[in-house]
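A.B. asks: I'd like to ask some things about the structure below.
The values are calculated or read from the model by the stated rules, or taken from the named source; none is laboratory data. Only a predicted model underlies this, so the values are computations on that prediction, with no experimental measurement involved. No Cβ is skipped: glycine too gets one built from the backbone with ideal geometry, and neighbour counts run over all protein chains shown. With ligands, DNA and RNA removed, areas are computed over all heavy atoms of the protein, side chains included. Shrake-Rupley method; radii C 1.70, N 1.55, O 1.52, S 1.80 Å.
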Amino acid sequence: MRLLRNLGVISSLTLLSRVAGLAREILTAARLGAGPVADTFFQAMTIPNTFRRVLAEGAFNAAFVPLYGRELEGKGREEADRFASEALSFMVTVTGALVIAFQIFAPWLAYAFFPGRIGDPDGMALAVLLLQIMMPYLLTMVVAALISGGLNSHGRFAMAAFAPVALNLVMIAVLAFNPGDSTDELVVWLAWGVTLSGLAQVAMLWTSAVRAKLRLRVLPPKLTPRVKRLIALGIPGAIAASAVQINVVVTSSIATLEEGARSWLNYAERLYQLPLGMIGIAMGIALLPNLTRRVRTGDETGGDFAMNRALEVSLALTLPAALAFIAMPELITAGIYERGEFSAADTRNTGIALAIAGLGLPAFVLVKVLAPAFFAREDTKTPMRFALAAVVVNFVFALLLFFGGLGFVGLAIASSLAGWVNAVLLGLTLRTRGLLQIDKRLARTAPRLLLAALLMAGVVWALAAWLPGILAAALPTLGASLVMMVSLLLVVGAGAAVFGGACLTLGALRPSEFAEALRPQKETKTLPGGSDEG
């Protein structure tokens, strides 16, 4: 099954990127902690990142890949590359105008994005400066997203998955050298690192495109029929694919009203983004070209098989991660972050946010897996409607819970609830339209995977409760930070062993099926009984 092999490539490189991102966040926590400066930096970085996912990743994954694939199959590489050049020129023009607008109006926009800094002239000035420095990162990411979409359509996933490592490496270098005499100066250096890393990513991807013989050119921007079609699909697709990110902006802006809250949510987000990126985002990237190709050739049976296997693999990887976040959030947070400026109180609050995110993680992954079933059929409006419904749910509950006394905890609850609203609406609609038929294998596997994950959660909960105390008593010279880190590694190892053993014992994972999925096979031949060789 090529889908699983592509997922392996993307997930492995995404894991590298996310591990580098985690290393970056560990250094950030030690240098900045969870105070006002950290809150301001994280919020300023959220703005271009959110627009990146709305205008770049969302729009091109939802609309560009199917349209580029149609041109590639119907008219050949030359016309497909010309369409890519037209799309590149138009999107660069639009995004460039947005970036310029932010440079001009940042002092006023900051009042909306940084409400917690109102009344603090120095804090607001820093927010404006960081926002102006990092917004050009958005323009580089639009170019990177288009090149990545073209490479993915040709089955070249590696460089597109590897390029984001550049951001983390640049920021790690800045944090390691720790330039400047204050945290205010350090975050300015970090902001410049973000924008420079965007240029590095474009250079890497453009080189890969040249080697893949993708002929991209910058043309005078025109609203050609193909670009109009991209816009028609891209606008709702961008909103649908980026519902989680829209929710992040809403909650993060409100979070600036509570000192430290923006940082706690950010550190928790970095942890749950690790499995989300490896599983949900990677699966969505690998699944969309696969489904698009099958839909265009009329292979609905093969498409249904691919969807079931995508759900199966996603559940196998997501459930243990989600339940681990719920069972031992403080051990995870302490083992990774608690050192330097990051205090025990920061650990407790970040752990609470992480546990709540664990409740929403399966939903976030399901959205990434289910949405491509609509995008492959050039239906971006339905996911858009559901995404907007989720945004409304998030906004309403974020306000009610935050100002109702729960503070940042209410923001985390609102985000997870919105994720489930989106996932349930997508799943029910696919079922109603006959586009998602749960096969016998998934119906057999899913409850067994859940049971195996629950057994694992019980074990890690018990180990997390007593193992740090035992290690601290047995090895008093280690120090508190090292004790928590070693405890975390031991508990994670034990949890993985328990989950794997339980899956094999319960029959949730069958080695023969996994080996068969990895075996190189032809894509187009459909087998009786709902399986295929693709």
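A.B. asks: When N is the residue count of segment 424-493, what does its C-alpha Rg come to as a fraction of 2.2 N^0.38 Å? Walk me through the numbers on the way to the answer.
C.D. replies: Details: Rg = 20.6 Å, N = 70, 2.2 N^0.38 = 11.1 Å.
Rg over 2.2 N^0.38 Å, computed on Cα atoms: 1.86.
A.B. asks: Which whole-Hz ³J(HN,Hα) couplings does segment 484-498 yield from phi under the Karplus relation 6.51 cos²θ - 1.76 cosθ + 1.60, θ = phi - 60°, glycine and proline marked x?
C.D. replies: 5, 5, 5, 4, 4, 4, 5, 5, 4, x, 5, x, 4, 5, 5
A.B. asks: Let me ask you something else. Give the relative contact order (percent, whole number) for segment 358-473; include only Cα pairs under 8 Å separated by 6+ residues.
C.D. replies: For segment 358-473, the relative contact order is 28 percent.
A.B. asks: What FRET efficiency do you get for VAL392 and ARG348 if R0 is 22 Å and r is their Cβ-Cβ distance, rounded to the nearest 0.05?
C.D. replies: Calculated transfer efficiency: 0.10.
A.B. asks: When Lys and Arg each count +1 and Asp and Glu each count -1, what net charge do the other residues less than 10 Å away from THR256, Cβ to Cβ, add up to?
C.D. replies: It works out to a net charge of -1.
A.B. asks: Which net charge results for the neighbourhood of ALA63, defined as the other residues with beta-carbon distances under 10 angstrom from its beta-carbon, given Lys and Arg at +1 and Asp and Glu at -1?
C.D. replies: Counting the neighbours of ALA63, the net charge comes to 0.
A.B. asks: Which of the trypsin sites (Lys or Arg not before Pro) found in segment 80-162 are in a DSSP loop and have at most 14 neighbouring Cβ atoms, other than their own, within 10 Å? Provide the component values of the computation, followed by the final result.
C.D. replies: On the way: sites: ARG82, ARG117, ARG156; in loops: ARG156.
Filter output for segment 80-162: empty list.
A.B. asks: Can you list the residues, at least 5 places off or on another chain, whose amide H is less than 5 Å from the amide H of GLU378, using H built in the peptide plane?
C.D. replies: Those qualifying (amide H under 5 Å, at least 5 residues apart or on another chain) number zero.
A.B. asks: At a 1.4 Å probe, what is the % contribution of carbon and sulfur to the accessible area of segment 115-170? Can you show the working numbers first?
C.D. replies: On the way: 1160 of 1760 Å².
For segment 115-170, the apolar C and S fraction of the accessible surface comes to 66 percent.
A.B. asks: Before I look further, what does segment 308-439 give for accessible area per residue, probe 1.4 Å, in whole square angstrom?
C.D. replies: 35 Å²
A.B. asks: How many percent of the accessible area of segment 374-493 is carbon or sulfur, using a 1.4 Å probe? Write out the running numbers ahead of the final one.
C.D. replies: On the way: 4530 of 5920 Å².
Looking at segment 374-493 in its full context, I get 76 percent from C and S.
A.B. asks: Of the listed peptides 404-412, 91-99, what is their order by residue-averaged count of other C-beta atoms within 10 Å, with the highest listed first?
C.D. replies: Packing proxy ranking, top to bottom: 404-412, 91-99.
A.B. asks: Quick check on packing: order 342-355, 371-384, 134-147 by the mean number of other C-beta atoms within 10 Å, highest mean leading. Intermediate values should be presented prior to the final figure.
C.D. replies: Working: 342-355: 21.3, 371-384: 23.0, 134-147: 24.6.
Ranked from most to least packed, the peptides come out as 134-147, 371-384, 342-355.
A.B. asks: Residues with beta-carbon under 10 Å from that of VAL174, excluding VAL174: net charge, scoring Lys, Arg +1 and Asp, Glu -1?
C.D. replies: Surrounding charge for VAL174 is +2.
A.B. asks: Continuing with the same structure: Compute the Cα gyration tensor for segment 97-239, then decide on rounded, prolate or oblate, letting a ≥ b ≥ c be the square roots of its eigenvalues: rounded whenever a/c is under 1.5, prolate when a/b is larger than b/c in the other cases, and oblate in all that remain. The partial results should precede the final answer.
C.D. replies: Numbers: a/c = 2.84, a/b = 1.46, b/c = 1.94.
Judged from the Cα gyration tensor, segment 97-239 comes out oblate (a/c at least 1.5, b/c at or above a/b).
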